[in-house]
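The values are calculated or read from the model by the stated rules, or taken from the named source; none is laboratory data. Given the structure is predicted, the values throughout are model-derived calculations rather than measurements. Remember, those area values only see protein heavy atoms, side chains included, never the ligands or the DNA or RNA. Shrake-Rupley method; radii C 1.70, N 1.55, O 1.52, S 1.80 Å.
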Amino acid sequence: MSATRGRLLVVDDDLVQRVLISKIGSKLGYDSVVVPSYEAATELLARETFDIMALDLSLGERDGVELLRFVAERDLRAMSIVIISGCDDRIMKATRRVAVGLKLPFAGCLDQTARS
């Protein structure tokens, strides 16, 4: 087994998606931690560091853009961001612009609608 590449935080309110992305992260060598909500993510980010965050845009009452703002306010810019969403392309592009505007290291998007 390869050495750990870093820590991955998966923020998604869908259990199946959290588990799937965490398993993919682990296979890539990341130490994966999963949380189901904005609140759980902010509590964890206030006390722990991560190298990459996979973030669902739809988090129930809160949305992923709010978490991007939290990350920027806390100056957690060393953490790369991957957006996960079933939203349409226009919303994904707008979210990317927000992340770039907040000077967050944007690593890409995963489209949840592209399921087999």
For residue 110, distant residues with modelled amide H under 5 Å away
83, 84, 85
Give me, ordered by chain and number, the residues 5 or more places off residue 54 or on other chains with an amide H under 5 Å from its own placed amide H.
9, 10, 11, 82
When all C-alpha to C-alpha distances in the chain are sorted into bins of 5 Å, what percent of pairs does each bin hold, rounded to whole numbers?
2, 12, 24, 26, 21, 11, 3, 1
Please list, or write none, the aspartates and glutamates whose alpha carbon is within less than 15 Å of the alpha carbon of residue 23, excluding same-chain residues fewer than 8 places away.
12, 14, 31
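When the chain is fully extended, how far beyond the present Cα-Cα distance does residue 103 get from residue 75, taking 0.36 nm per residue of separation?
That works out to 9.1 nm of additional length.
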Residues of the chain: accessible area per residue with a 1.4 Å probe, Å²
58
Residues meeting the amide H criterion for residue 30 (H placed from the backbone, H to H distance under 5 Å, 5 or more places apart or on another chain) are 5
Would you calculate, for the chain, the mean residue ellipticity at 222 nm contributed by helices, counting each DSSP H stretch of 4 or more residues as -39,500 (n - 2.57) and dividing by all residues, to the nearest 500?
-11500 deg cm²/dmol
